[in-house]
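The values are calculated or read from the model by the stated rules, or taken from the named source; none is laboratory data. Remember, predicted model here, so these are calculated numbers, not experimental data. Positions of Cβ are generated from backbone atoms using ideal geometry, with glycine treated the same way; all protein chains shown enter the neighbour counts.
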């Protein structure tokens, strides 16, 4: 994460990716992650909220609004500018890392 960490966990990466199109509440983030990964990643609720808390503490997401639905507080999260930069940088990092292998595989054929 910022402050010099060498990349994001896969879960955090996809939480940030889920927020690229705009603010979402927790359940919508869970659904978007499943959609983005074609069902490969399903986050348990505790894992999601742990990731959201860490991402917020690091300033890459923030709560945009809160509302009460059926007696429960629903928080909508959005990317900060730093979060948007971070998820794009992580995508470039992963793309460069993958190209090391794919270039070698293409050269071997």
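With respect to the conditions (1) surrounded by 12 or more Cβ atoms within 10 Å (Cβ to Cβ); (2) in contact with a strand residue (DSSP E or B) (Cβ under 7 Å, 6 or more places away or on another chain), residue 90 falls short on a single one, namely (2). In the range 58-75, the qualifying residues are those that are touching a residue at least 40 places away in the same chain (Cβ under 8 Å) and assigned to a strand (DSSP E or B), and the one that is farthest from residue 86 (Cα to Cα) is 74.
Residues in the range 76-103 that are free of Cβ contacts under 8 Å to residues at least 60 places away in the same chain and not in a helix (DSSP H, G or I): 76, 77, 78, 80. Within the range 10-27, restricting attention to residues that are touching a helix residue (DSSP H, G or I) at 6+ places or on another chain (Cβ under 8 Å) and more than 19 Å from residue 95 (Cα to Cα), the residue that is surrounded by the most Cβ atoms within 10 Å (Cβ to Cβ) is 19.
Here residue 90 passes the criteria (1) more than 15 Å from residue 52 (Cα to Cα); (2) modelled with pLDDT of 90 or more; (3) more than 14 Å from the chain's Cα centre (by Cα) except the one numbered (3).
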